[in-house]
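Undergrad: Before we start, here is the structure in question, set down as structure tokens.
The values are calculated or read from the model by the stated rules, or taken from the named source; none is laboratory data. All values derive from a computational prediction rather than experimental measurement. For neighbour counting, all protein chains shown are included, and Cβ atoms are generated from backbone atoms with ideal geometry for every residue, glycine included. These accessible areas exclude ligands, DNA and RNA; they are computed on the full protein's heavy atoms, side chains included. Shrake-Rupley method; radii C 1.70, N 1.55, O 1.52, S 1.80 Å.
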Amino acid sequence: MRFEISKVLDAIEGRVCTDPSLARAVVDLAEVIRYQDIDGGRPASLLRLGMVIDALSRELEEDSVQVYAVVHRALLSDADLTSNERMVVRRWADDGLVEVLDNPGDRMLEVADLLGLPVLSRVRFDGLRGRFPWLVEQPGRVVAPVPGAGGPVFIAHVGGGHSPVAGKRSPTGVKLLARQWRCPESGCALFGGGGGGGAFADLAGGADRSPAAQPPPSLRNGVPTCPRHGARLGDGGPRPRTEVLAVRVGGLVRRRFVLSEEQPIVAGRAPEQDGGIMLGQWLNDEARRWISRGHVRFELRVGEVIVTDVSTNGSGIRPGGSMTESDRIPLAPQQSRVLGENDMIELYPGVQIGRAEELPTGAPFTPTSVMAEAPTMAMRLPRP
Ligand SMILES: [Zn+2]
């Protein structure tokens, strides 16, 4: 039992991030874990975060969706959580997967504003409508997770919508996210680099975070500030450009990944390269035989996505996302091509990669539950 729960928490860990390109909604962890009416269990449970993420996945019809969680520091020692859960949250904090704050205040809304994300919360934020007009103007920007037949569902606070709606990054967000930032606090998990990024900056905490994945700074009196340490952030130069790509297998978007100017990314059955995108777990036997361990390589150069076939069997380009067979352009092994705005590369029939916003889920499906490893939890939920 304890082992099973650990596995679920590990699965949930893969679904929390502070990467502005990957997060799909913002949550306040302290709030979500206390939705006791969702499962009728303990006063606080980290597993409820998994249930809310599952609900978001169902709404977005996409697998592996990630959320941006702000965490009140008091939660790290909250006696309502098990010691195991507290340990897990501390690990997330240390790794910069969640944003730990002495006082979250309206940081959740600030993140939503800067990144253009929906907020999953039961709080109405009436007093903040002047500062964040989208609270009223965009129904669905704040939706409340409430108990539903097959797990939590969402209800909008304003207007008729029931689905979380994304907005656009605010002008301030666009400006802040064009730069990389450094926190003077050594070992800062969010804006690492320990004191301005010297030669050994890589050895400081938060070192494996790419500058392209830094969270949005908090703006205090117009000054970019580390939300965790309250320290003024140093400007570390322009942020590397990025492009968000998505993997679609069998009509379902399985995961997104961020391609940055810093390094190429290889996708395939089981790439050996660091940061490679492994597709093996979603492939049937035939696809697995066809697709090489490393099959295609993506590079971002001067704003263009360049795709190179590095496989044994080759792939194909679907120009403009066209699924008509006669439109498919073969891409032979070692051939390269610029991936146009709506183009997809097809590694094998039904296995495609393209720009995330151009690659909708194309078939009815059931997303894989992040809770799949939790038989005891799942049994408490009514079946859909
Ligand atoms: Zn900091």
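Undergrad: Give the relative contact order (percent, whole number) for the stretch 243-318; include only Cα pairs under 8 Å separated by 6+ residues.
TA: Details: 133 pairs, mean separation 18.7, N = 76.
Contact order relative to length: 25 percent.
Undergrad: With a 1.4 Å probe and all protein chains kept in place, how much accessible area does GLU357 have, in Å² rounded to the nearest 10?
TA: Spelled out: GLU357, probe radius 1.4 Å, area about 120 Å².
Undergrad: Once the dipole of the stretch 208-365 is set up with Lys and Arg at +1 and Asp and Glu at -1 on Cβ about the Cα centre, which of ALA213, VAL258, ILE306 lies farthest towards its positive end?
TA: Going by the charge dipole, the pick is ALA213.
Undergrad: Considering only the other residues whose Cβ falls under 11 Å of the Cβ of ALA270, what net charge follows from Lys and Arg at +1 and Asp and Glu at -1? Can you show the working numbers first?
TA: Values: positive: ARG269, ARG288, ARG293; negative: GLU272.
Residues near ALA270 contribute +2 overall.
Undergrad: How much length, in nm to one decimal, is gained on full extension between MET87 and ASN221, taken as 0.36 nm per residue of separation minus their Cα-Cα distance?
TA: Values: separation 134, 0.36 × 134 = 48.24 nm, distance 3.44 nm.
Fully extending the segment from MET87 to ASN221 adds 44.8 nm.
Undergrad: Let me ask you something else. Spelling out what I want: for every residue of the stretch 114-120, take phi, set θ = phi - 60°, compute 6.51 cos²θ - 1.76 cosθ + 1.60 (Karplus), and round to whole Hz; glycine and proline get x.
TA: So the J values, rounded to whole Hz, are 5, 9, x, 9, x, 10, 9.
Undergrad: I've got another one for you. When the accessible area of the chain is split by element with a 1.4 Å probe, what percent falls to carbon and sulfur? Please list the in-between numbers first.
TA: Numbers: 8530 of 16930 Å².
About 50 percent, which is the carbon plus sulfur part of the accessible surface.
Undergrad: Separate question: How large is ³J(HN,Hα), in whole Hz, for each residue of the stretch 61-77 in order, when computed from phi with the Karplus curve 6.51 cos²θ - 1.76 cosθ + 1.60 and θ = phi - 60°, using x for Gly and Pro?
TA: 6, 8, 7, 6, 6, 10, 10, 9, 10, 9, 10, 5, 4, 4, 5, 5, 10
Undergrad: In nanometres, what is the gap between the two model label sites at ALA270 and SER186, each 7 Å from Cα along Cα-to-Cβ?
TA: Reported label-point gap for ALA270 and SER186 is 4.1 nm.
Undergrad: Can you give the calculated 222 nm mean residue ellipticity of the chain, where each DSSP H run of n ≥ 4 adds -39,500 (n - 2.57) and the sum is split over every residue, rounded to the nearest 500 deg cm²/dmol?
TA: On the way: 9 runs with 73 residues, N = 384.
Roughly -5000 deg cm²/dmol at 222 nm, from the helical runs in the chain.
Undergrad: Right, here's the next one. Which value, in debye to the nearest 20, describes the size of the charge dipole of the stretch 214-305 about its Cα centre when Lys and Arg Cβ atoms bear +1, Asp and Glu Cβ atoms bear -1, and nothing else is charged? Don't jump to the answer; show the numbers that get you there.
TA: Numbers: 15 positive and 10 negative charges, 66 e Å.
I would put it at about 320 debye.
Undergrad: For the chain, what is the relative contact order in percent, using Cα pairs closer than 8 Å and at least 6 residues apart in sequence? Mind showing how you got there, number by number?
TA: Details: 835 pairs, mean separation 58.8, N = 384.
Once divided by the residue count of the chain, the mean separation gives 15 percent.
Undergrad: A further question on this structure: Between HIS162 and LYS175, how many nm apart are label points set 7 Å from Cα along the C-beta direction?
TA: Distance between the two pseudo-spin positions: 4.1 nm.
Undergrad: Still on this structure: Report HIS72's accessible area, 1.4 Å probe, all protein chains in place, as a number in Å² to the nearest 10.
TA: Answer for HIS72: close to 60 Å² accessible.
Undergrad: Can you tell me how much longer the chain between THR324 and GLN36 gets when fully stretched, taken as 0.36 nm per residue apart minus their C-alpha distance, in nm with one decimal?
TA: Working: separation 288, 0.36 × 288 = 103.68 nm, distance 4.92 nm.
Net length gain for the segment: 98.8 nm.
Undergrad: Would you mind checking which residues have amide H under 5 Å from ALA144's amide H? H placed 1.01 Å from N; only 5 or more apart, or other chain.
TA: SER121, ILE155, ALA156, HIS157
Undergrad: Between the stretch 39-113 and the stretch 313-343, what is the separation of their alpha carbon centroids in Å?
TA: Spelled out, the Cα-based centre of one part sits 40 Å from the other.
Undergrad: Taking only protein heavy atoms and a 1.4 Å probe, what accessible area per residue, in Å², does the stretch 234-357 have with all protein chains in place?
TA: Working: 5640 Å² over 124 residues.
Per-residue accessible area for the stretch 234-357 comes out at 45 Å².
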